[in-house]
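Each value in this text was obtained by applying a stated rule to the coordinates, not by laboratory testing. Just so you know, these numbers come straight off a predicted model, no measurement behind them. Every residue, glycine among them, receives a Cβ derived from its backbone with ideal geometry; neighbour counts consider all protein chains shown.
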Amino acid sequence: MNFSRLAVSRVRVPVMATRSMSTSRPSINIAIAGATGAVGQELLELLEERNFPVKSLKLLASARSAGKKIPFIGKELTVEELTEDSFDDVDIAFFSAGGSQSRKFGPVAGKKSCLVIDNSSAFRMDPACPLVVPEVNADAIPDAKESMIIANPNCSTIIMNTVVWPIHQKAKCKRVVVSTYQAASGAGAQAMAELEQQAKDWVKGDAITQDIFGRQYIWNLFSHNSDIDPETGYNEEELKMVKETKKIFSEPDIAVTATCIRVPVLRAHCEAINLELESSVSEEEVKEILAKAPGVELADNRADNAFPEPLDASGKDDILVGRIRSDVSQPKGQGIEMFVAGDQIRKGAALNAVQIAEEVLDNYRELLKKI
């Protein structure tokens, strides 16, 4: 299956929109840990698509996947087993092999002066590891100088924060209430494959395959499959959005609450977001802010009832934003409602990681200790 194209309290300026970029980037040695997974495959596509200056590329995975051949820019690369010796000659390693592998090998790579950009939850709340959405807090990247690990946020957090941050800069968010509608891709390539298989099973009248989630997924939706905290009733995905937003925004007092749901969509997450603001802002001002915001595309056509949809967001770099309106339950202008759709594999994971690496090459090259 081709996962890449399925129906296709500190104040900062928007960093990526204003930062001066280097005119040339040095070619560097790259590794991808978890190269055979959905995010690993997307990383390969993005490195080629964005003309990333790759001097050499090492594909790493489990012993079971070692020896597989994967094409990259006209060549066939052989997957190697991920070991402690994998990073001796690597400048930047993208990790997307799961939390246990990141915890085992991430610090090893860092001690070998290899900068790790990690897609798991292993280091997100570690004070020594910056948690970065480049459109929001690229200026936190140098905080990785000791750990040599930069954490990629949770996919739902990235999608929400990219859109909420520019509004927060204008009117300051007191509270964020978000409900997510999350695609199969967030649970990995096998979950995507099972959703497709369930569609085939249903058409044929066969028993529905239920190996990943243990339930029918097609024609259904259910509470996110992460563990539930018995005390609060929140699941892990919801708590990630709460905690990560506070760290990324450097706003420990911002109130965030989330409800996360799985829906039978392949690769783009949607979110309904309600903002309670400290100061008034009109719908028109919000649209103007978002129209200029990096990583955001307006999709807000009331006349044709045309708004963000996961099919339209799939394969896109930008997050689609629409249904922008004042919250009628809040004092005039101090509440905003909106609906967003973003590609979970792309901006929710691989693209955000590559953008971090580009920021390092353009503005924080001192972290690349081998060049």
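Compute log10 of I(q)/I(0) for the range 108-226 with the Debye formula, placing one identical point scatterer on every Cα and leaving out solvent, at q = 0.11, 0.19, 0.22 Å⁻¹, to two decimals. Log10 of I(q)/I(0), two decimals: -0.57, -1.02, -1.16. When the helices of the chain are scored as -39500 (n - 2.57) per DSSP H run of n ≥ 4 and the total is divided over every residue, the value at 222 nm lands at -8500 deg cm²/dmol. The length gained by stretching the chain between Gln330 and Asp206 to full extension, at 0.36 nm per residue less their Cα-Cα distance, is 39.6 nm. Which number comes out as Rg/Rh for the range 263-305 once both Rg and the Kirkwood Rh are worked out on C-alpha atoms? Ratio of gyration radius to Kirkwood radius: 1.02.
Two-decimal Rg/Rh of the range 196-278 from alpha-carbon positions, Kirkwood Rh?
Details: Rg = 16.8 Å, Rh = 15.3 Å.
The Rg/Rh ratio comes out at 1.10.
Using a simple spin-label model with pseudo-atoms 7 Å out from Cα toward Cβ, Lys370 and Ser56 lie 0.8 nm apart. Sorting the Cα pairs of the range 35-181 by distance into bins of 5 Å, from 0 upward, gives 2, 9, 16, 20, 20, 14, 10, 6, 3, 1, 0 percent per bin. Between Arg64 and Glu278, take the C-beta separation as r, use R0 = 51 Å, and let me know the FRET efficiency to the nearest 0.05. My answer for the efficiency is 0.45.
Close amide-amide hydrogen proximity is noted between Asn235 and Asp229, each under 5 Å apart and 5 or more residues distant or on a separate chain (H modeled in the peptide plane; Pro and chain starts excluded).
Taking only the Cα atoms of the range 55-122, the ratio Rg/Rh comes out at 0.96, with Rh defined as the Kirkwood radius.
Just subtract the alpha-carbon distance of Asp88 and Met125 from 0.36 nm times their residue separation and send over the number in nm, one decimal.
On the way: separation 37, 0.36 × 37 = 13.32 nm, distance 2.68 nm.
Length gained, Asp88 through Met125: 10.6 nm.
Of all lysines in the structure, the ones whose alpha carbon falls short of 23 Å from that of Lys111, not counting any fewer than 8 places away in one chain, are Lys55, Lys58, Lys145, Lys369, Lys370. Converting phi to 3J(HN,Hα) with the Karplus coefficients 6.51, -1.76 and 1.60 and the offset θ = phi - 60°, the range 358-369 yields 5, 4, 4, 5, 7, 9, 9, 5, 5, 6, 8, 7 Hz in sequence order, with x at every glycine or proline.
Between Ile228 and Lys145, the contour length at 0.36 nm per residue exceeds the alpha carbon distance by 26.4 nm.
Loop-located chymotrypsin sites (Phe, Trp or Tyr not before Pro) across the range 197-266 with a Cβ neighbour count of 13 or fewer within 10 Å are Trp219, with loop assigned by DSSP. Here the simple spin-label model places points 7 Å from the Cα toward Cβ, and for Thr259 and Lys172 these points are separated by 3.0 nm.
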